[in-house]
Structures are given as structure tokens and as C-alpha cells.
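All remarks here apply to the structure that follows.
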Amino acid sequence: MDPLVASELAKLDDDIPFRARENHVHSTWAKTFLSRPELYFQPESLPEIEKIVRLAHTCRRRITTTGCGHSPSSLTCTSSWLVNLDKYNRILSVDTEKGIVVMQSGIRLYALCEELEKHGLAMPNLGSINEQSIAGAISTGTHGSSLRHGLMSEDILSLRITVADGSTRFCSPSEDPSLFRASLLSLGALGIITEVTFRAVPEFTLRWQQTIDTDVKMLSSWDRDLWTQTEFVRVWWYPYTRRAVVWTAEKTDDPLLDPPVSYYDRALGYYVYHNILYLSQFAPRILPWIEWFVFGMQYGFANGTTTRAIQPSRKALLMNCLYSQFVNEWAIPLEKGPEALRRLSSWLNQLPASDPEYVEHGIPFSAEGLYVHAPVEVRVSNTSPSNPKAQVPNTRAFLDPTAVDSPTLYLNATLYRPYHTDPPCRERYYEAFEWLMRDLGGKPHWAKNFETDGAEIEGMYGDDLRRWREVRDAVDPDGLFVGAWHRRYVLEKGTVLPLEEAGVREEKSKTGGVLFEGVVGR
């Protein structure tokens, strides 16, 4: 341990543990980024967390907080102190009558769902995975796919957050509302969220079905009933085959019914897909064939093929992320979805003007020789007044990327990294995809692999970003909780903060990801 840290620790006359570990290697779930923090912590109590924060400030160290590391970006990378909250994960109280649950912030969503089920409760909405901690899901703007729900944070009633001076502050829509709005999508830059009060609902079962058909049929129903036919709807769009899987789910009291499982759905399909994706790294032009083959083996080759099941919500709403991947996801107004998909299809498939599905894409980059992975995940969220559950304006997160006055569409361009190797199409594909998203008035999902710079982010958020900065600067004036990622995207240009961590080097690691190295103070 560094002599200064050891010296300051020795001065403290308390019996609060200081569970510091050296030689820890932190990586994102996808192994896209790695870092070696000086010290790694897994605190088990609030006094421990407050002690870590006070010591970090005294010793001029930066603090980064992480859970499962599912974000494929460098947001949780640090060479300073890394705090993991996996052992700070207890349910503190449950009011089954009102559905109000108070919990420590490190609890993973899968564990939270299991605990809620014991009390006859459930989360109102889930994203595609349940590995994140509740704090991580809140801090990055996690969403599901439903016009009847917004971001997961819409069900947060109050928070406690430990800020840079080591104190823990309470905030809610009525008490310290500015801190509440900033913390609902904090990006880890305000402090450590330590306690969450959440509104659950009675547990429920979902009857779901997924149907394969042409993307033309999916697009033609867009303004009719595609997104309103059931409470939960999501789509996977396959650009080369020009087909789509439409998944719908509605609440039911019917008995559970497991989904059918073929031989391909097990290990065989997993490894077949993984290996042919790896082969495509050397022969990208086979990717359209891979899409056709894997799509057909998984969902069926015939249009109209339908699969059904009845499952608890905590299972039905999830999907398997499969392999290491880059993820570039943007939020655009829902009504611009058909235009986005048609323009992207014309560009990716290099459709001639004679094709009946051709539209002028306007993307100023060539797609010649470019082949990408599929599918594109298509989901919706709604924080607008048309959603009865929507938060009133003064509790909307300052950095909420969803549309204010209309429902929002999320488009997720995933690129797999078979055996942790980067796909050769990434730079060109994401350059064009982001150009199109910006052209349609989009904003990037904070936790993903976007390249849009801070000046563009400032233009997207305007006064909301400035108000978020004001709150952030008030609770952390020295930059104890900010680093290179924040500097690139959300911090105001100008004076560097005293404890801000700057990136000094990024290089490829042996596992294929980027190894981040930083330094605190300059």
C-alpha cells in the first residue's frame, strides 16, 4: 500500500474496516476495456463507504464505482481506487402493501427480482439483461421495451448518495430535487449511490410470442399497432435478409409454459455461431449468409413462424447477450423509426434505385465492401406525457436521452467480438450509423460505445447538461469521482479539476481489449 495511504489510515482512530486489495484487474463484461486499479474495495457497510471516500479525498485519489461491468465502454476504468458494491447488496425493508422496497445499492437485478418474488412482488420493467446492480442500471439510463414504461429510474422514489466530503445525502422529488434529478442518471460522477427506495408491483406472468416475417410487414404496422398491441414489444431486425422478429408480451394468469427448445438452441448453436463469426473476421462477405443461416436455425426459415411461452416476468423479459460485443445504441423519436431502418437498409445493402424498398439514405460514407453483424435491436421507451406513468417534469433525469414530448425508439447496432477479436467493420459502420442517428435528432445511450464528442453532447442537452454540471460541481468540486471518460463527453471545457483522473495511455491487451492507464492530478 502507498505510504501516504498507510500513514493516513493509521491516523484514524476507529474500528471501521478498510477492505483494500491490490493487484486487481478490472475488465468490462465484454473484455472491451481493462484497467489495473491501485486499490480495489468491496465494502459491506455505509461507514466503510464513507471512510473510503474521506481517505481518497485526503490522499488525492480518484474513486470509480462498478458493478458487473456490463457497459462495454471505459466508463468504469481507473488506475486509482475502484469500489465494487457486490457485497453491499441487502434488502433493507419491504412494504408489501404499498410495494415500496428499500435496498442497498449494490444488489444485482437478478437477486432483486428473486427477493421481490418472495414477497409476491416484481419489478415493473426490465431491460434485456439482469446482471447489473440497481445503482448501475439507474446511473446509465437502463430501459426496457414498452410504451407504458420509461427508464428504469421512473420507479425510484428516493436515493441516498455518498458525496466527496464523505457525507451521505438523501434526495427525492420533494427533498433536494436537483440532486435527485442529477443522481437518477449520474454516470458515477456525483458520488456513490448507497441506498435506493423503489416502487415494485405485484408479481406477474407474461404470455409472449415471437413471429418472423418480412421487415416490410413490420414497418407497415409501425403506425398502426406494432408498439401498442401488448404492454411489452421488441423487435430484432435483420438487414441482409430484410426480415424481423417481432416479440410481444402481455400479462396473464394462465399456467406457465416453457418455450420450445431445439437442439440448436443449446451448446451446438452457441459454438457454431461463435466459430462462423470468427471465420467472418477473415472473410467478412460471408456475414449475409451467416445471418440467413443462424436466423433460420434459431427462429425458422419460413415467414410467419411463431414461438410462444408463458413465463414469470423476471425471465420473459430477458435475452442472452451471447458473446463479447461492441454496442452502439441511440435514442430517436419513435416516428422516425421507419425512416431510420429504411435508410440504413438502403445503405448497408447498397440497394439500387430500382429496388422497391430503396430510399435515398443520404449517408455520406461508402458501404462498398462493408459487411456487418446482425441483428439490430429495436426497442421503445416512453417518458412523454402520453405515458400515464411518466414522471412529472421536475423529476426527469437531467441527462435522460429519451424524447421529452413523444415516445422514443432505441436502435442498437451490436457488433460481436468472437473470441475477443474486434470486427474489421466497426469503425466504418459506427461512423455511418452515428451520422444517421444524429441526422434524425438522436442521442446516444450513455453506457454504450459511441464516438460522438463532448461538443455535440453539449448541443444535444443544452441547459440540462449545464444544470447537471452545477449539481455535480457542488457535491464534488475537486473531481473525486470523474475521469477521462467524463472529460471527453460531459465535463465543461476549461480548468482541470484537482482530483480528476486523466487517461495517459490506452493499448491493446493480451485478451484483445484496450488496457486503460490514468493518472490523478496534473
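The values are calculated or read from the model by the stated rules, or taken from the named source; none is laboratory data. Keep in mind it's a predicted model, so treat the numbers as computed, not measured. Every residue, glycine as well, gets a Cβ built from its backbone with ideal geometry; the counts of neighbours run over all protein chains shown.
Taking THR194, is it in a strand (DSSP E or B), buried (at least 21 other Cβ atoms within 10 Å of the Cβ) and in contact with a strand residue (DSSP E or B) (Cβ under 9 Å, 6 or more places away or on another chain)? When the stated conditions are applied, THR194 passes them.
Within region 379-414, being aliphatic (A, V, I, L, M), touching a residue at least 24 places away in the same chain (Cβ under 8 Å) and either farther than 22 Å from ARG426 by Cα or touching a Lys or Arg at 6+ places or on another chain (Cβ under 7 Å) (or both) holds for VAL380, ALA390, VAL392, ALA397, LEU399, ALA403, LEU409. Only residues that are in a helix (DSSP H, G or I) and either in contact with a His (Cβ under 9 Å, 6 or more places away or on another chain) or surrounded by fewer than 15 Cβ atoms within 10 Å (Cβ to Cβ) (or both) were counted in region 436-471, giving 6. Within region 129-168, the residues that satisfy the criterion of being touching an Asp or Glu at 6+ places or on another chain (Cβ under 9 Å), more than 18 Å from LEU85 (Cα to Cα) and outside any loop (DSSP other than H, G, I, E, B) are LEU151, SER153, SER158. Check region 426-433 and report whether any residue there is touching a residue at least 24 places away in the same chain (Cβ under 8 Å), in a loop (DSSP other than H, G, I, E, B), of a type outside the set (A, V, I, L, M) and buried (at least 17 other Cβ atoms within 10 Å of the Cβ). Scanning region 426-433 turns up no residue that is touching a residue at least 24 places away in the same chain (Cβ under 8 Å), in a loop (DSSP other than H, G, I, E, B), of a type outside the set (A, V, I, L, M) and buried (at least 17 other Cβ atoms within 10 Å of the Cβ).
As for region 106-126, it holds at least one residue that is over 22 Å from THR383 (Cα atoms), in contact with a Gly (Cβ under 9 Å, 6 or more places away or on another chain) and among the small types (Gly, Ala, Ser). Residue count for region 315-324, restricted to those that are touching a Lys or Arg at 6+ places or on another chain (Cβ under 6 Å) and not in a loop (DSSP other than H, G, I, E, B): 0. Cβ separations smaller than 6 Å between residues 6+ apart or across chains give the following pairs from region 334-346 residues that are closer than 11 Å to GLY362 by Cβ to residues that are of a type outside the set (A, V, I, L, M) and buried (at least 19 other Cβ atoms within 10 Å of the Cβ): ARG343/HIS361; SER346/HIS361. Filtering region 162-182 to residues that are in contact (Cβ under 8 Å) with a residue 60 or more places away in the chain, of a type outside the set (Asp, Glu) and either surrounded by fewer than 23 Cβ atoms within 10 Å (Cβ to Cβ) or touching a Gly at 6+ places or on another chain (Cβ under 9 Å) (or both) leaves THR162, VAL163, ALA164, GLY166, SER167, THR168, ARG169, PRO173, PRO177, SER178. Looking at region 307-320, can you tell me whether even one residue there is more than 21 Å from ARG234 (Cβ to Cβ) and of a type in the set (Gly, Ala, Ser)? No. Checking region 495-513 against the condition returns no match, with no residue being in a helix (DSSP H, G or I), modelled with pLDDT of 95 or more and either under 21 Å from the mean Cα position of the chain (by Cα) or under 27 Å from THR162 (Cα atoms) (or both).
Output yes when any residue across region 289-306 is closer than 30 Å to ASP253 by Cα, at pLDDT below 95 and crowded, with 18+ Cβ neighbours inside 10 Å, and no when none is. Yes, region 289-306 contains at least one residue that is closer than 30 Å to ASP253 by Cα, at pLDDT below 95 and crowded, with 18+ Cβ neighbours inside 10 Å. One residue stands out among those in region 126-142 that are in contact with a strand residue (DSSP E or B) (Cβ under 8 Å, 6 or more places away or on another chain) and not small (Gly, Ala, Ser): the one that is nearest to LEU92 (Cα to Cα), which is ILE134.
Against the definition (buried (at least 21 other Cβ atoms within 10 Å of the Cβ), of a type in the set (Ser, Thr, Tyr), at negative phi and not in a strand (DSSP E or B)), how does THR383 come out, yes or no?
The answer is yes for THR383.
Within the option set PHE41, PHE18, being crowded, with 20+ Cβ neighbours inside 10 Å and among the aromatic types (Phe, Trp, Tyr) holds for one residue only, PHE41. For region 450-465, filtered to residues that are within 28 Å of ARG61 (Cβ to Cβ) and modelled with pLDDT of 95 or more, the residue that is farthest from the chain's Cα centre (by Cα) is LEU465.
Only one of these is under 24 Å from GLY166 (Cβ atoms), surrounded by fewer than 17 Cβ atoms within 10 Å (Cβ to Cβ), in contact (Cβ under 8 Å) with a residue 24 or more places away in the chain and in contact with an Asp or Glu (Cβ under 9 Å, 6 or more places away or on another chain): GLY479, GLY483, GLY521. Name it.
GLY521
Just one of the listed residues (ARG242, ARG199) is in contact (Cβ under 8 Å) with a residue 60 or more places away in the chain, basic (Lys, Arg) and under 23 Å from LYS389 (Cα atoms), namely ARG199. Screening GLY69 against (1) modelled with pLDDT under 95; (2) at negative phi leaves a single unmet condition, (2). When every residue of region 395-402 is checked against the conditions, at least one turns out to be among the basic types (Lys, Arg) and assigned to a loop (DSSP other than H, G, I, E, B). Check LEU341, LEU334, LEU351, LEU370 and return the single one that is more than 30 Å from HIS70 (Cα to Cα), over 16 Å from the mean Cα position of the chain (by Cα), buried (at least 17 other Cβ atoms within 10 Å of the Cβ) and of a type outside the set (Asp, Glu). Going through LEU341, LEU334, LEU351, LEU370 in turn, just one is more than 30 Å from HIS70 (Cα to Cα), over 16 Å from the mean Cα position of the chain (by Cα), buried (at least 17 other Cβ atoms within 10 Å of the Cβ) and of a type outside the set (Asp, Glu): LEU351.
Within region 20-51, the set of residues being over 25 Å from the mean Cα position of the chain (by Cα) and hydroxyl-bearing (Ser, Thr, Tyr) comprises just one member, SER45.
The criterion of being over 29 Å from GLU329 (Cβ atoms) and touching a helix residue (DSSP H, G or I) at 6+ places or on another chain (Cβ under 6 Å) holds for ILE16. For region 360-401, filtering for residues that are modelled with pLDDT of 95 or more and of a type in the set (Val, Ile, Thr) leaves 5.
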